[in-house]
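Heads up, the thing below is written out as structure tokens.
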Amino acid sequence: MQYLRGALKWGFGVLAVFLVGCFIYGLFNRFSFIHGSAPPGLDSGFAYASVLGFLIGPFVLLAGAIIGVVVVWRSKRRS
């Protein structure tokens, strides 16, 4: 149970940092994808966060979960 809690905590934490980073990137850069585009600003920030969150988000979540399990395993091993 401790491993699951650590995996979820780290996975969603890393995903949140990734989405915030994508949003901040979109605030200052123009979004352009297959069908749409948006000037720099809130629209572009939400577009980057949603598209990259949908396409790359599951991989980021999985990587964060693996990091969380390793952190819990190392803390159990030390004690």
Please give the calculated 222 nm ellipticity per residue for the chain, where each DSSP H segment of at least 4 residues contributes -39500 (n - 2.57) and the sum is spread over every residue; nearest 500 deg cm²/dmol? -27500 deg cm²/dmol
Please give the FRET efficiency for residue 77 paired with residue 9, using the beta carbon to beta carbon distance and R0 = 25 Å, rounded to the nearest 0.05. 0.85
Which of 1, 64, 46, positive extreme of dipole for the chain (C-beta unit charges): 1
Folded to 0 to 90 degrees: helix 42-55 orientation relative to the chain principal axis, Cα: 50 degrees
In degrees, nearest ten, helix 2-28 long axis to first principal axis of the chain (Cα): 20 degrees
Hydrodynamic calc, the chain: Kirkwood Rh from Cα pairs, then Stokes-Einstein at 10 °C with viscosity 1.306 mPa s, so D in µm² s⁻¹ is 117 µm²/s
With every protein chain left in place, what is the accessible area per residue of the chain in square angstrom, probe 1.4 Å? 73 Å²
Charge sum, other residues only, whose C-beta stays under 15 Å from residue 37's C-beta, Lys/Arg counted +1 and Asp/Glu -1: 0
Listed residues 24, 66, 34; largest mean-square fluctuation, Gaussian network over the chain with Cα springs below 10 Å, found at 34
Pop out the carbon and sulfur fraction of the accessible area of the chain as a percent, whole number, probe 1.4 Å. 73 percent
Any chance you could look up the accessible area of residue 25 with a 1.4 Å probe, heavy atoms only, rounded to 10 Å²? 120 Å²
Check which residues have an amide H placed less than 5 Å from residue 31's amide H, if you skip close sequence neighbours. 38
Over the chain, what is the relative contact order in whole percent, taking alpha-carbon pairs under 8 Å and six or more residues apart? 45 percent
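The values are calculated or read from the model by the stated rules, or taken from the named source; none is laboratory data. Small disclaimer: the values here were computed from a predicted structure and weren't measured. Here Cβ is always computed from backbone atoms with ideal geometry, including for glycine, and neighbour counts include all displayed protein chains. Please note that ligands, DNA and RNA were not included when accessible areas were found on the heavy atoms of the full protein model with its side chains. Shrake-Rupley method; radii C 1.70, N 1.55, O 1.52, S 1.80 Å.
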